[in-house]
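First the structure, in the form of structure tokens, and then the observations on it.
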Amino acid sequence: MPSTIPVCQQCISPACRATYSVDEIRVACDRCGNLLDVAYDWPRLRVPGALADFEQKWARRNDPHCFSGVWRFHDLLPFAPLRQCVTIGEGQTLLHPSEGVARYAGVTPGRLYLQYEGLNPSGSFKDNGMSAAFSHARLAGAHRAACASTGNTSASLAVYCSVTRLMKAVIFIGSGKISYGKLSQALDYGALTVQINGDFDDAMARVQEVSKQLGIYLVNSVNPFRLEGQKTIMFRVLEALGWEAPDWIAVPGGNLGNSSAFGKAFHELHELGLIDRIPRLAVINAAGANTLYELVERRGLRWNDGQPNLDVADRYYDEMDAAKRRASTIASAIEINRPVNLTKCIRALQWCNGVVREVTDQQILDAKAQVGAGGLGCEPASAASVAGVKELVAEGVIGPDERVVCILTGHQLKDPTATVAYHTTDQEKFNEVLGSRGVRRAAFANRAVAVPNNLDEIIKSIKLYS
Ligand code: F0G
């Protein structure tokens, strides 16, 4: 760590630990190629004595940095001076207890909460990380930003560009791999949208090459500053629970930025003595995009205190390529087979005594319908967290009385196609969108009632069905 500034970028490998200045733009260690952390020399920084000290910010909500659900926790991600930090009002989100969803998952009502990140300005959790990436980009003097995306990162990048005018957005998407809700946002906010003939994994590889060659600031979650912003989702969960750690955090796993960020958040809070117990992490893959599950639960990939057995992952990727296997799930947000944050995520699993599960598209859509009916709506990927908790309760890994928080990562309106197909009476539509993905039934469908345009008939139907 350079001696004058108490913050740096640092290689995550304990064998390397190379450091770089905080105002450099990089996404990997020059020396060994590993991912980077934002690392703080905490004793030289001003950290609150207790998490409850953050409550003082509530009285100053007319200050945009106190209003922001990210920057009111600036003391726990102090990589840039607060006046430089970019906010568009992100992080006004809600921890909502849902009795209906608790019952569905087999958890005692009152013990299951949904952390609803769909309330962010672009409708997903990505805005937490984007505000931090933009703050760093401003520090580093960047003027163009790029990402590969399954949709939400691009929507978030695009809205931050359009509101702040700090950078111009270039987004890479796999053709046909993004829901209309998300694509419409990127287009409407004016981002340059590049459709690649391929999937997210292809787009991710390309955007890294392009941004390196053209010197464009990369905002995917390989950017360590993104994850600093995403730590605040956990700070808000603790805030909503009166600063008491829950027993479990369940989160969908795609590129594994969230799970990595949550692990870092809890590890730092614990080291700082601000929490005395670290919640367990449950990372939930879609079965059609289950790299993390396969590697951790079936093939024994572990962080091993910084000496991960990554040869296991290399072999798996070789097998995947040889078989030309591609990610495939209705939960398009997490349709990812090569998660860029794999090593950080397995570190988080060690820190948080975590587990990984996979759930089918059928389980995801049933859970999504339950979330819609008994909580706040979400997009398919988000519901994987609820479906995963149901599995873990059935296995006895999560006890019914344990306090569980499921992260609802994206808004219900992000992917109307999946929702309408689930509830439809049109069998052809159902088969076209869902049948091809192994979804056989819609147990919780809320079907529209077809009636002639006739007052008596309409009244008769309402009486019959209500
Ligand atoms: N849920 C939603 C709604 C997402 O959009 C994503 C990721 C995830 C979960 C997975 O989160 O990557 O932190 O494990 N979407 C990215 C995108 C990949 O491009 O919008 P993760």
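The values are calculated or read from the model by the stated rules, or taken from the named source; none is laboratory data. From a predicted model like this one, the values you see are computed outputs, not experimental measurements. Don't worry about glycine lacking a Cβ; one is built from the backbone with ideal geometry, like all the others, and counts go over all protein chains shown. Surface areas here come from the heavy atoms of the whole protein model, side chains and all, with no ligands, DNA or RNA. Shrake-Rupley method; radii C 1.70, N 1.55, O 1.52, S 1.80 Å.
Points to keep in mind about this one:
- Segment Arg325-Glu432, extension gain: residue separation times 0.36 nm, minus the distance between their alpha carbons: 36.3 nm
- Cα gyration tensor shape of the range 151-244, rounded if a/c is under 1.5, else prolate or oblate by comparing a/b with b/c: prolate
- Quarter of Cα convex hull surface for the range 348-437, i.e. mean projection, nm²: 6.7
- The value of relative contact order for the chain, using C-alpha pairs under 8 Å at least six residues apart, is 16 percent.
- Using a probe of 1.4 angstrom and keeping all protein chains present, the accessible surface of the range 366-466 works out to 52 square angstrom per residue.
- Max-minus-min Cα coordinates of the chain on each principal axis give 79, 50, 46 Å, with the largest extent listed first.
- Computed over the Cα atoms of the range 332-377, pair by distinct pair, the Kirkwood hydrodynamic radius stands at 13.0 angstrom.
- Global geometry of the range 260-416, whether rounded, prolate or oblate, following the gyration tensor of its Cα atoms and the 1.5 cut on a/c: oblate
- Estimated D of the range 72-195 in µm² per second, where Rh is the Kirkwood radius over Cα pairs and Stokes-Einstein applies at 4 °C, 1.567 mPa s: 82
- The range 10-115: Cα Rg divided by the 2.2 N^0.38 Å rule of thumb: 1.46
- Note on the range 57-110: semi-axes of the ellipsoid equivalent to its C-alpha gyration tensor, largest first and rounded to whole Å, are 33, 12, 9.
- Positive-end residue, the chain charge dipole about Cα centroid, Cβ charges, pick of Ile462, Ser98, Gly123: Gly123
- Diagonalising the gyration tensor over the Cα atoms of the range 1-67 and scaling each eigenvalue by 5 before taking the square root yields semi-axes of 31, 14, 11 Å, largest first.
- Rg over Rh for the range 169-324 works out to 1.00, using Cα positions for both radii and the Kirkwood form for Rh.
- Alpha-carbon centroids, the range 61-118 and the range 1-49: separation in whole Å: 26
- Of the residues Leu157, Leu310, the one with the largest accessible area comes first in the ranking Leu310, Leu157, computed with a 1.4 Å probe on protein heavy atoms.
- Between the range 185-226 and the range 372-411, the Cα center-to-center distance that results, in Å: 30
- The range 26-111 - percent of accessible surface contributed by carbon and sulfur, probe 1.4 Å: 50
- Within the range 191-227: backbone nitrogen closer than 15 Å to the Ser175 label point (7 Å, Cα to C-beta): 193-200, 202-203
- Modelled FRET efficiency - R0 25 Å, Asp188 with Leu214, Cβ distances, 0.05 increments: 0.50
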